[in-house]
There are 2 protein chains.
Amino acid sequence: MSKVFFSVGMSLDGFIAGPNGGAKNPLGDGGTEIHKWIYKQKKFQEMLKFGEGGETGKDNEILSDIINRIGANIMGKKMFVEGEANWPEEAPFHSPVYVLTHQKREPWERKGGTSFYFVNEDIHSVLKKAKKDAGSKDIRISGGASCIQQYLNAGLIDEFTIHLTPVMMGKGVRLFDNIEKEIFSLQINEVVNSPMVTHLFYKVINHKK
Amino acid sequence: MSKVFFSVGMSLDGFIAGPNGGAKNPLGDGGTEIHKWIYKQKKFQEMLKFGEGGETGKDNEILSDIINRIGANIMGKKMFVEGEANWPEEAPFHSPVYVLTHQKREPWERKGGTSFYFVNEDIHSVLKKAKKDAGSKDIRISGGASCIQQYLNAGLIDEFTIHLTPVMMGKGVRLFDNIEKEIFSLQINEVVNSPMVTHLFYKVINHKK
């Protein structure tokens, strides 16, 4: 059965982006520091059309495994706005992407198989659509923080990966704000460390399912 | 040369204690959840006089290594107040403990070699005293969060360990609030995982030293 997951880079003090993010400042002030490890990976460089090259070690394997399992994506409006202004023409998803937004907009098809759908519905209905699209593959809750928090607090996440980097941000967008701790428990599935990043894999046990 | 370090358990959402902590509610509401792994260790049970028994695996080894390197401790007033009401008569430090406080109080000697000194001085002077006491052993900044933040932001920490537990708190005392990111950088020294906790060892590179 397909799973619902998220996978996100986080600074040791809990931030996934710096302050003042937007279309002209993707990831906010200093936010790229958190994600330095990913820019070096072959898989990421392929996806973002940075050309040939990049690291091919275990960080790249982990990233590739995550990307290859995705059958559909769900993201918040703010993440989409930052991405729309900065992704290459061939957007890096190659699968359906549901964007949670009040804005009405026709689907936006990109080269390489990414289709953006703009949906003003509750998160359960959106997940149903994404599951149908994903088939036997998995659904990634792409971000940002608020979108991930909504799905966690609704008891809809099966597992997630934190790519914890040895970085302090001081301020910015915290991943785990507003968490309702009664909704779920966590188990450590696996931890893989490399010089740049610690990959933490958790299983989520949702109590109200 | 002796090192200045801290070692603290943290929930995945960044808390080291729950809300409403105090002498009658040590670690705050739900705060013991964060530290469950440590209560099971042989070394901890010895220190807190819980009797014989406890786990002797790698979690216990890591804890023992940390305890055995300590030559002196520095802690904040709030941590002391919680501890004073709850530590056994033979307090679990067996070395000098400097308590940062405005309160004037004579040194408090406990069985087993713990001496509490109450100091109303700047954190640099207190560290000098602790270093003198520690000799070739290390100085632990015991906590709480505010005390650790002060030493981090003053560029005085050499290394630290986070015992990251698969727990969400939602609210409480955040370890890494008010961090001044320009003061230092981090390097991952080592990561050791166990079913209950992920031990993250970091080296601190202080830029203004």
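Readers should treat all values here as calculations from the given coordinates under stated rules, not as data from a laboratory. A quick note: this is a predicted structure, and the numbers were derived from the prediction, not measured. Here Cβ is always computed from backbone atoms with ideal geometry, including for glycine, and neighbour counts include all displayed protein chains.
The alpha-carbon atoms of segment A:56-174, seen along their principal axes, cover 40, 31, 30 angstrom, with the largest extent given first. Per the rotation superposing chains A and B, the chain A residue found at the smallest beta carbon distance from the axis is A:Gly14, 2, distance in Å. In segment A:87-143 the Cα-Cα distances spread across 10 Å bins starting at 0 as 23, 55, 22, 0 percent of all pairs.
Where does the Debye-calculated log10 I(q)/I(0) of segment A:1-48 sit at q = 0.21, 0.22, 0.28 Å⁻¹, using only Cα point scatterers of equal weight, no solvent? Relative scattering, expressed as log10 I(q)/I(0), comes to -0.84, -0.89, -1.05.
Inter-copy label distances for A:Glu182: 4.4 nm (label point placed 7 Å from Cα along Cα→Cβ; shortest first). Which whole number in µm²/s is D for the protein assembly as shown by Stokes-Einstein, with the Kirkwood Rh taken over Cα pairs at 4 °C and 1.567 mPa s? Calculated translational D: 56 µm²/s.
Placing one equal scatterer on every Cα of segment B:108-189 and applying the Debye formula, the log10 ratio I(q)/I(0) at q = 0.14, 0.16, 0.25 Å⁻¹ is -0.63, -0.81, -1.41. Using only the C-alpha atoms, the convex hull of chain A corresponds to 121 Å³ per residue.
Calculated on the Cα set of segment B:29-99, radius of gyration then Dmax: 12.7, 33 Å. Note on segment A:146-209: Cα convex hull, mean projected area over all directions, 4.8 nm². Charged neighbours of B:Asp138, selected by a Cβ distance under 10 Å, balance to +3 (K, R count +1; D, E count -1). Ranked from shortest, the separations from the 7 Å Cα-to-Cβ label point of B:His207 to its equivalents in the other copies are 4.3 nm. What separates the A:Lys132 label point from its copies, with the point 7 Å along Cα to Cβ, is 7.6 nm, written shortest first.
For trypsin sites (Lys or Arg not before Pro), the sites in segment A:64-131 that DSSP calls loop and that have at most 14 other Cβ atoms within 10 Å are A:Lys104, A:Arg105, A:Lys111.
The three principal axes of the C-alpha atoms in segment A:1-122 carry coordinate ranges of 41, 33, 31 Å, sorted with the longest axis first.
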